[in-house]
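S.K.: Got a structure for you, written out below as structure tokens; questions coming shortly.
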Amino acid sequence: MIMLLTGAWFTNNEYVTQSTFTIFAVSTGLASSIKMDDYFIEHYGLTSGVIIDEEGFPVSVYFFDTTLWPLLYAFSFDSAYLCTAKCKLLTFPL
């Protein structure tokens, strides 16, 4: 999930649409638990909001924290960012 959002931050460092976030969450398994999803949003400095698109329609988004995400993007180029050993993903039980 972090890798997907880091790429999204590079594309648009202000926000990610909530629909894109949901696709990322489902594809990585984060959406398997509401508690985990909420914790991720809070822990990684995502703030829900609304923007108006070019056609004048409201779009639900998560705004990126302006301190954490630039540092995380820079860190993504470090070899410590990649997990070379098998990683274990912990999820909250439903």
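The values are calculated or read from the model by the stated rules, or taken from the named source; none is laboratory data. Since this is a predicted model, take the numbers as computed values, not measurements. So basically every Cβ, Gly included, is an ideal-geometry build from the backbone, and we count neighbours across all protein chains shown.
S.K.: Please enumerate the residues belonging to segment 7-18 that are in contact (Cβ under 8 Å) with a residue 40 or more places away in the chain and either exposed (fewer than 11 other Cβ atoms within 10 Å of the Cβ) or acidic (Asp, Glu) (or both).
M.R.: Glu14
S.K.: Which of the residues that make up segment 1-29 are of a type in the set (S, T, N, Q) and not in a helix (DSSP H, G or I)?
M.R.: Of everything in segment 1-29, those that are of a type in the set (S, T, N, Q) and not in a helix (DSSP H, G or I) turn out to be Asn12, Asn13, Thr17.
S.K.: Can you run down the residue pairs with Cβ atoms below 7 Å, 6 or more apart or on separate chains, where the first is in segment 31-50 and in contact (Cβ under 8 Å) with a residue 24 or more places away in the chain and assigned to a helix (DSSP H, G or I) and the partner is among the hydrophobic types (A, V, I, L, M, F, W, C) and surrounded by fewer than 16 Cβ atoms within 10 Å (Cβ to Cβ)?
M.R.: Correct list of pairs: Lys35/Phe92; Met36/Phe92.
S.K.: Considering only segment 31-80, state which residues are more than 15 Å from the chain's Cα centre (by Cα) and acidic (Asp, Glu).
M.R.: Across segment 31-80, the qualifying residues are Asp53, Glu54, Glu55, Asp78.
S.K.: Within segment 69-80, count every residue that is surrounded by 10 or more Cβ atoms within 10 Å (Cβ to Cβ) and either at pLDDT 85 or above or not aliphatic (A, V, I, L, M) (or both).
M.R.: Qualifying residue count, segment 69-80: 5.
S.K.: Go through segment 24-55 and count every residue that is surrounded by 13 or more Cβ atoms within 10 Å (Cβ to Cβ) and either over 25 Å from Thr67 (Cβ atoms) or among the basic types (Lys, Arg) (or both).
M.R.: 3
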